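*Asks:* Would you mind keeping the following structure in view while I ask a few things?
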Amino acid sequence: MIDIEQVRTLSPVDGAVYVLPEHSSPELLAAFAEALHVASAGVRCLVTCCDVQQLDERAMNAAGWYRR
């Protein structure tokens, strides 16, 4: 059963970063990314399950995205 209090609306925009819980499976990450793509075709965003605050600027740049 779905807890309606846990349901949230997402409005993906280019450059958005979605951080799922740390122990999320690769399959869950892929399914979430696919759902975002279906809901907002053409929007480029990142789906991850790591603590993005722990990444340094060099690692982010190497991955092709930049801290603001």
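*Asks:* Compute the helix-to-body angle for 26-39: its Cα long axis versus the longest principal axis of the chain, expressed 0 to 90° and rounded to tens.
*Replies:* Taking the Cα atoms of the chain, the angle to 26-39 is about 80 degrees.
*Asks:* Go ahead and run the numbers for FRET between T48 and S11, Cβ-Cβ distance against an R0 of 25 Å, rounding to 0.05.
*Replies:* 0.85
*Asks:* Mind pulling up the Rg/Rh value for the chain? Radius of gyration and Kirkwood radius, both on Cα.
*Replies:* 0.99
*Asks:* While we're on this one: Collect residues whose amide H, placed 1.01 Å from N in the peptide plane, falls under 5 Å from the amide H of V47; neighbours closer than 5 in sequence don't count.
*Replies:* The list, which skips near neighbours in sequence, is Y18.
*Asks:* Next up: Measure off, as a whole percent, the carbon and sulfur share of the 1.4 Å-probe accessible area of the chain, all protein chains present.
*Replies:* 55
*Asks:* How large is the accessible surface per residue of the chain, computed with a 1.4 Å probe and reported in Å² as a whole number?
*Replies:* On a per-residue basis, 85 Å².
The values are calculated or read from the model by the stated rules, or taken from the named source; none is laboratory data. Note that the structure is predicted; figures quoted are calculated from it, not measured. Counting neighbours? That spans all protein chains shown, and the Cβs are built from the backbone with ideal geometry, glycine included. To get the accessible areas, we keep the full protein, side chains included, count just its heavy atoms, and leave off ligands, DNA and RNA. Shrake-Rupley method; radii C 1.70, N 1.55, O 1.52, S 1.80 Å.
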